[in-house]
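Data block below; observations after.
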Amino acid sequence: MFTDAEKEGYNIKPKRIYSPLSEEHKKKISLAHKGKKSPHSEDTKKKIGLVHKGRKHSEESKKNMSLAHVGNKHSEETKKKMSLGCTGIPKSKETKKKMSLAQKGKIKGPMSEEHKKKLSLARMGKKHSEETKKKMRLRYVKKA
């Protein structure tokens with residue numbers, strides 16, 4: 001009943017193995033925390049923010065953060081939200097140039113027949129609007 005350490009008078013208890021929390025218990029904990037305000041005042045929050053502003057993570061920290069996200073994939077819903085968040089934001093000429101340079105030199109090898117077929121099927125039945133046709137004509141005239 002007693003471990004060797006306990007027999008010798010040490011107050012060492014055996015490690016306990018905890019089971020995961022039930023959904024009901026998680027809800028109770030969640031409800032207990034709801035509505036509680038931050039222990040910091042708005043002024044204190046601003047001070048804390050200013051202290052951390054401009055702080056750089058070490059290379060080791062960056063590596064650890066990167067490894068923590070390996071294998072995580074965004075859901076389709078999240079991808080759409082991210083896409084919508086970026087649409088309509090005008091990009092500067094400098095940014096466009098950087099994006100262009102990033103793509104240059106990348107090998108875009110020949111497509112397999114299977115890939116060509118998939119692209120063809122994806123476009124099938126879709127027509128260009130008159131406005132798009134006009135833009136395409138103008139672009140073609142500029143090149144020639």
Legend entry - Residue match in the stretch 76-90 (condition: in a loop (DSSP other than H, G, I, E, B) and more than 21 Å from the chain's Cα centre (by Cα)): yes
Legend entry - Matching residues in the stretch 53-68 - criterion: being of a type outside the set (Lys, Arg) and under 17 Å from the mean Cα position of the chain (by Cα): Asn64, Met65, Ser66, Leu67, Ala68
Inset, instruction - Considering (1) surrounded by 10 or more Cβ atoms within 10 Å (Cβ to Cβ); (2) modelled with pLDDT of 90 or more; (3) not in a helix (DSSP H, G or I), say which one Gly71 fails and leave the rest. - result: (1)
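The values are calculated or read from the model by the stated rules, or taken from the named source; none is laboratory data. Here the structure is a predicted model, which means the values were calculated and not measured. All Cβ positions, glycine included, derive from the backbone under ideal geometry; neighbour counts span all protein chains shown.
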